[in-house]
Each structure stands twice: as C-alpha cells, then as structure tokens.
1. Kindly establish whether Ala53 is of a type outside the set (D, E, K, R), modelled with pLDDT of 90 or more and open to solvent by less than 70 Å² (accessible area, probe 1.4 Å).
2. Looking at (1) open to solvent by 70 Å² or more (accessible area, probe 1.4 Å); (2) touching a residue at least 40 places away in the same chain (Cβ under 8 Å); (3) of a type in the set (D, E, K, R); (4) under 28 Å from Gln115 (Cβ atoms), can you tell me which one Arg14 breaks?
3. Have a look at Val80, Val106 and point out the one that is in contact with a Pro (Cβ under 6 Å, 6 or more places away or on another chain) and closer than 24 Å to Met131 by Cβ.
4. Only one of Arg78, Arg57 is free of Cβ contacts under 8 Å to residues at least 12 places away in the same chain and either among the basic types (Lys, Arg) or touching a strand residue (DSSP E or B) at 6+ places or on another chain (Cβ under 7 Å) (or both). Can you tell me which?
5. Going residue by residue through region 40-50, is there one that turns out to be under 21 Å from Ala133 (Cα atoms), open to solvent by 80 Å² or more (accessible area, probe 1.4 Å) and either touching a residue at least 40 places away in the same chain (Cβ under 8 Å) or charged (D, E, K, R) (or both)?
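The values are calculated or read from the model by the stated rules, or taken from the named source; none is laboratory data. In this text the structure is predicted, and so the values were computed from the model without any measurement. So basically every Cβ, Gly included, is an ideal-geometry build from the backbone, and we count neighbours across all protein chains shown. The area values use the complete protein model at the heavy-atom level, side chains included, leaving out ligands, DNA and RNA. Shrake-Rupley method; radii C 1.70, N 1.55, O 1.52, S 1.80 Å.
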Amino acid sequence: FVTEPVNYKLAGTRRFLWEALPRRPEAFIAVGDAVMGFNPIYGQGMSVAAAEALRLRRHLAGATSIDGLAEKVQTSFREVIDIVFGSVFPIDAAYPTAELVGLDPVDPAVLQAGQVLAEAATDDLEVANAMRAVTHLFTQEPLADPAIQEKIQAWAAEGRTVRNNDPAVIPAPLG
C-alpha cells in the first residue's frame, strides 16, 4: 500500500437518477455504486452491479451503432434499481435519524406490510423464496403470486409472530 487503508462509511442507501438527465455525454454510462450506493448491510451492491453488467452486455451485443446506446442502457438499469430501492428504502427510512432527501416519508402501512412479509418468511419456505427473488434476483413476480399473497395475509390476520426473535439463536432450516 502507498498509505495505510482507510475506512469509508456510507450513511445509507443513495439513488442517483442518471437516466432522468435531460442530456448526457454520449457513451457515458454510470454503473454500480455510481447509480445506487447501498447500505452495506443488505449485501446487494455486487449483485446489482452484475445485473447492470448483464444488461449492458445485451445492449452491446445487439447494437449496430453507439448513437443513443448510453441512454438505452442507463434507462434499462432502472427496472433493477427501482425494485431494489423499493425494497431497501422503507427499511432505511424507518430509522428516526434517516435523512430523506427528495423523498417523502414512508407510509406506515408500507412499513407494516414489509414487517409482516419479513416475519412470514421466517416460517414459510415459499414466502422466503418469494422474498429472496425480490432481494437477490430483482423480480417481484413471485411476491405477486396469489398463493403467496394469501399466506402473507393469513399470517397478518392470525396475528402471528416469529417463533424466535433472538438474533443470537440460529433458527432451524425451513422446509
């Protein structure tokens, strides 16, 4: 090392709307943390960057010209970014010290729905897999499945809670 390593602390999740720029330099594409810097507790930064790289590769493979390519690629990232941001933002925003810049406070009903989903996923493998699809595969389709929605609604209606809410205890595998 030239110097000793220095820690870098990110206060939370940050989303930059590169695709919304009215003008951008042609052939300029922001990827990874330049588009969205995550609270590292979620462990999604590398997965999102990989998903962006796959989208970039698909666009490059089909391109006959670079004209307009950067805008198409940058816009294609939005689908992945919006899913991930939508799943982590309410969690970060729930902290009393969270600073919401350019964003409205999260509706308490959204926070409650996320809590019920997270709790139901601790007890039901299908709900857990649907939640994992959102957080790691960046698709909301499994959560929209009526059978999954029914399970989540039943969990809430029955007033169920997690069997063990002690983070020091490792739960038994689902299945």
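1. Details: of a type outside the set (D, E, K, R): yes; modelled with pLDDT of 90 or more: yes; open to solvent by less than 70 Å² (accessible area, probe 1.4 Å): yes.
Yes.
2. Every listed condition holds for Arg14 apart from (2).
3. Working: Val80 fails: in contact with a Pro (Cβ under 6 Å, 6 or more places away or on another chain).
The unique qualifying residue is Val106.
4. Values: Arg78 fails: free of Cβ contacts under 8 Å to residues at least 12 places away in the same chain.
That would be Arg57, the only listed residue that is free of Cβ contacts under 8 Å to residues at least 12 places away in the same chain and either among the basic types (Lys, Arg) or touching a strand residue (DSSP E or B) at 6+ places or on another chain (Cβ under 7 Å) (or both).
5. So in region 40-50, the residues under 21 Å from Ala133 (Cα atoms) come out as 40-50.
Narrowing further to those that are open to solvent by 80 Å² or more (accessible area, probe 1.4 Å): 40-41, 46.
Filter again for either touching a residue at least 40 places away in the same chain (Cβ under 8 Å) or charged (D, E, K, R) (or both), leaving none.
Within region 40-50, none of the residues are under 21 Å from Ala133 (Cα atoms), open to solvent by 80 Å² or more (accessible area, probe 1.4 Å) and either touching a residue at least 40 places away in the same chain (Cβ under 8 Å) or charged (D, E, K, R) (or both).
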